[in-house]
Amino acid sequence: MSIHIHTLIFNDFGVNTYILEAENKDCIIVDAACHSTKEQAALSEIVASRKINPIFHISTHTHIDHVLGSAFVKNNFGTTWLIHADGTELLNQAPMFAGVFGLKLDEFQLPDRFVVDAEEIMLGNNTLKILYTPGHAHGSICIYCEAESFVITGDVLFCGSIGRTDLPGGDTETLLNSIAEKLLVLPNETKVYPGHGTTTTIGEEKRENPYLQIN
Ligand SMILES: [Zn+2]
Ligand SMILES: [Zn+2]
């Protein structure tokens, strides 16, 4: 593999934060969800011990649990923060949602740049493609690496489940369309790294996921 994926599980919601490390030591942090100082230290420890350079951090969507560490990552590593523009409204409500869940949001920041569907981002020599996959939240994206055969799915697709659609901006039909059009078309062997829980593959979810057996 020319991309090494580190997984860290952060905050009370058990969000998977992924660090994608390229051969040239550049890295991208997906869903900076570290919240406690211990979690922040765990993230910093990987960056320091692997001697890697965080270039970007990308949020698969802007639910509060997925952006809790964004300000920390930006302040500590000087990363450029990328989200899909449709997630802006939800992000603006992050301080309010933090209050609802009794979370302390030390600092509120805005993203640096918006990504769009089919946009390609370079990580070392590797191409990562943004897949726009709304339905769980406005502005949900997945991140696909064809050459390395993996996709990061945020809260769109899980091992044996799909994202909930009862939160503001959620819509079941939109979510199922996103999954069908953007994810199930990927090769069966594509490894799935979800926003919560264990990894799976596209083929396994096609066969086993009870939410995708409707037709
Ligand atoms: Zn979510
Ligand atoms: Zn989540």
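Could you please let me know if P194 is surrounded by 16 or more Cβ atoms within 10 Å (Cβ to Cβ), touching a strand residue (DSSP E or B) at 6+ places or on another chain (Cβ under 6 Å), of a type outside the set (D, E, K, R) and in contact (Cβ under 8 Å) with a residue 24 or more places away in the chain? Criteria met by P194. Among the criteria (1) within 15 Å of H66 (Cβ to Cβ); (2) part of a helix (DSSP H, G or I), the one Q109 does not fulfil is (2). Condition check for G170 on (1) buried (at least 16 other Cβ atoms within 10 Å of the Cβ); (2) free of Cβ contacts under 8 Å to residues at least 60 places away in the same chain; (3) under 23 Å from M122 (Cβ atoms): one failure, at (3). Taken across region 148-159, residues that are charged (D, E, K, R) and without any contact (Cβ under 8 Å) to a residue 60 or more places away in the chain do not occur at all.
Of all residues assigned to region 92-107, none qualifies as being at pLDDT 95 or above, crowded, with 17+ Cβ neighbours inside 10 Å and within 14 Å of ligand 1 (Cβ to nearest atom). Kindly check whether there is at least one residue in region 23-30 that is touching a Cys at 6+ places or on another chain (Cβ under 8 Å) and not small (G, A, S). Within region 23-30 (the criterion being touching a Cys at 6+ places or on another chain (Cβ under 8 Å) and not small (G, A, S)), the answer is no, since none of the residues qualifies.
Being under 21 Å from D26 (Cβ atoms) and touching a residue at least 12 places away in the same chain (Cβ under 8 Å): is that true of S140 here? Considered against the rule, which asks whether it is under 21 Å from D26 (Cβ atoms) and touching a residue at least 12 places away in the same chain (Cβ under 8 Å), S140 comes out as no. Reported count of residues in region 44-67, each being within 16 Å of ligand 1 (Cβ to nearest atom) and over 18 Å from R113 (Cα atoms), is 2.
Total residues in region 172-192 satisfying the condition of being more than 15 Å from ligand 1 (Cβ to nearest atom) and out of contact with any Cys (no Cβ under 8 Å at 6 or more places or on another chain): the figure is 13. Hey, among the residues in region 40-81 that are of a type in the set (S, T, N, Q) and out of contact with any Phe, Trp or Tyr (no Cβ under 7 Å at 6 or more places or on another chain), which one's surrounded by the most Cβ atoms within 10 Å (Cβ to Cβ)? If we take residues in region 40-81 being of a type in the set (S, T, N, Q) and out of contact with any Phe, Trp or Tyr (no Cβ under 7 Å at 6 or more places or on another chain), then T60 is surrounded by the most Cβ atoms within 10 Å (Cβ to Cβ).
For region 151-171, the criterion of being closer than 23 Å to L82 by Cα and away from ligand 1 (no atom under 15 Å from the Cβ) is satisfied by at least one residue. Suppose we keep only residues that are outside any strand (DSSP E or B) and touching a strand residue (DSSP E or B) at 6+ places or on another chain (Cβ under 9 Å) within region 25-39. Which one would you say is surrounded by the fewest Cβ atoms within 10 Å (Cβ to Cβ)? Only one residue tops the list, namely K25. Can you list the strands (runs of 3 or more DSSP E) found entirely within region 122-215 that contain at least 1 residues being within 14 Å of ligand 2 (Cβ to nearest atom)? Once the strands (runs of 3 or more DSSP E) in region 122-215 are filtered for at least 1 residues that are within 14 Å of ligand 2 (Cβ to nearest atom), what remains is 141-145, 150-154, 191-194.
Just give me the residues in region 105-129 being farther than 29 Å from S36 by Cα and of a type in the set (V, I, T), in sequence order. Selection gives V116, I121, T127. Residues in region 58-91 that are in a strand (DSSP E or B) and either modelled with pLDDT under 95 or more than 16 Å from ligand 2 (Cβ to nearest atom) (or both): 3 in all.
Confirm whether F114 is away from ligand 2 (no atom under 15 Å from the Cβ), assigned to a strand (DSSP E or B), of a type in the set (A, V, I, L, M, F, W, C) and at negative phi. When the stated conditions are applied, F114 passes them.
The values are calculated or read from the model by the stated rules, or taken from the named source; none is laboratory data. What you see is a predicted model; the values in this text were computed from it and never measured. Cβ atoms come from the backbone with ideal geometry, glycine included; neighbour counts cover every protein chain shown.
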